[in-house]
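Here the structure comes first, spelled out in structure tokens, and everything after it is commentary.
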Amino acid sequence: MDTVNIKKYFYQILSIFAALLLSFSIAQIPVQAAAKPGTVKLSSIKAVDYNKINIKWKKTSGTTNYIIYYKEAGSKKWIKIKTLDNTKSSYTHTSSKKYPIDTGYKYTYTVKAYNKKTKKSGAYNKKGLTTNTVPQTVKLNEAKLNSNGSVTISWFKAGGADQYEVYVRNKDNTKWLSLDTVSGLNCTDKYPFEGQDNTYTVKAYAKSGKAGKYDTNGVKVYVPSGDDDDKPDITPAPTFTEEQFAAEIFRLTNVERTKYGKPLVQTNDDLNRAAMQRAKEISVKFSHTRPDGTDSTSILSEYGIPDDNGGENIAAGFTSPQSTIDGWMNSPGHRVALLNTYSTHLGVGVYKSGSTYYCVQVFTAYGEKEKLTIDANGGYFPTLNNVSVYDMYFYHGTKIKFSRDIPTPVREGYTFVCWEDEYGGRYTGMGLTTNEKLHAIWK
């Protein structure tokens, strides 16, 4: 072989070797996978109006967009409602036909980071942040003085409201005093403060117990004093219906609590019914022991209310709500009960027998209700029209025994084992302090 051919073959071999070496070197260069954005840290959540919920979060690295999700609390399916750019760290969800917010329910929100360049999503807070919805702010109409000296307050319907609490204040009571709770759009103050301005406002409440914002200025009306010339010199002693007597005792209780810097108590229909039953009972046996021999607090459990932190005042023979309150305030034991700081709710019952008024105050720290959702998990509840999922409501703090308080589901071919909560816990009962969900376990 001549020299030219030798060189030719040599360079061909050298070229092949160089190509193999380059290929091997490229194969050894590590290829870095596209990084995921960080996990979004949620900051806060708040229902800012009856149809608006605001969620805030901390910005995270590697993000081009944030995706907002929501669901009704307890639901498993997240619903995507908005995609924002990476300059945002807050979003206010306004109720719409496609993505509704129904007042009276709880909603949970979470946020996921996304990078559109790498098409990667970060991990997200699967629990999310939850809030109750609130009803609309009440728009007041007027406060009108009636010919009999009473005042009627009226207002316009507020979105998401199930009931309204009416408040009053005057020159001596700068804090709002609870007057009454009603479901309609007006309320009459039968015994306003005389000889001065009475200012009223109204707050809307949803089923959850959440209150909406209220008009802090209120509506004002002047009520003449009983010494005005156009009134007779001798006024007969007023007579009260049982309802009027009870309503005034409730109002005057908050007047006294305000004087001494104690938190105001709210009304509660079940408490009022329990107190009314006790008022009838003390007309038979004037005692904190009931006619059946049980303690007075046992009345609470009959109306589904936890009986711990319950208290009672009783009175008989007083001719007016004011004299009844004065009697309790002049008695050290009754005064302590009336001004206690642990109570949040008060029920008042008045029963008139002949010319005697029998009066009862029932105090409790539990006046709000929590939701317990029971899921038959493939079965159904024969006692509940064969539904498979059902919402039950109990007062906050109620000690629930499953076998006693929750209906047992059935499922063809299966045997019911027990109830399990959202976190895998299996119990025979619970103290309900927040909304909970249980599902059936089958064998």
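The values are calculated or read from the model by the stated rules, or taken from the named source; none is laboratory data. No experiment lies behind these values; they were computed from the predicted model shown. Backbone-built Cβ (ideal geometry, glycine too); neighbour counts: all protein chains shown. Only protein heavy atoms, including side chains, enter the accessible area calculation; ligands, DNA and RNA are left aside. Shrake-Rupley method; radii C 1.70, N 1.55, O 1.52, S 1.80 Å.
Below are the figures for this structure:
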{"quantity": "Output for the range 421-443, where each listed residue is of a type outside the set (Val, Ile, Thr), closer than 24 Å to Gly304 by Cβ and open to solvent by 30 Å² or more (accessible area, probe 1.4 Å)", "calculated": "Glu422, Tyr427, Met430, Gly431, Asn435, Glu436, Lys437, His439"}
{"quantity": "The one condition in (1) in the same structural domain as Ile68 (by the TED database); (2) closer than 16 Å to Ser208 by Cβ that Glu165 fails to fulfil", "calculated": "(1)"}
{"quantity": "Filter result for Thr87 (among the polar types (S, T, N, Q), part of a loop (DSSP other than H, G, I, E, B) and either open to solvent by less than 50 Å² (accessible area, probe 1.4 Å) or at pLDDT below 90 (or both))", "calculated": "no"}
{"quantity": "Qualifying positions in the range 294-337 - crowded, with 16+ Cβ neighbours inside 10 Å, outside any helix (DSSP H, G or I) and not hydrophobic (A, V, I, L, M, F, W, C)", "calculated": "Ser296, Thr297, Tyr303, Pro306, Asp307, Asn309, Gly310, Gly311, Glu312, Asn313, Ser320"}
{"quantity": "Qualifying residue in the range 369-388 (condition: modelled with pLDDT under 95, touching a helix residue (DSSP H, G or I) at 6+ places or on another chain (Cβ under 8 Å) and part of a strand (DSSP E or B))", "calculated": "no"}
{"quantity": "The range 199-236 - residue that is outside any loop (DSSP other than H, G, I, E, B) and of a type in the set (Gly, Ala, Ser) and, of those, modelled with the highest pLDDT", "calculated": "Ala204"}
{"quantity": "Residue count, the range 342-355 (criterion: open to solvent by 10 Å² or more (accessible area, probe 1.4 Å), of a type in the set (S, T, N, Q) and either under 17 Å from Ile325 (Cβ atoms) or modelled with pLDDT under 85 (or both))", "calculated": "1"}
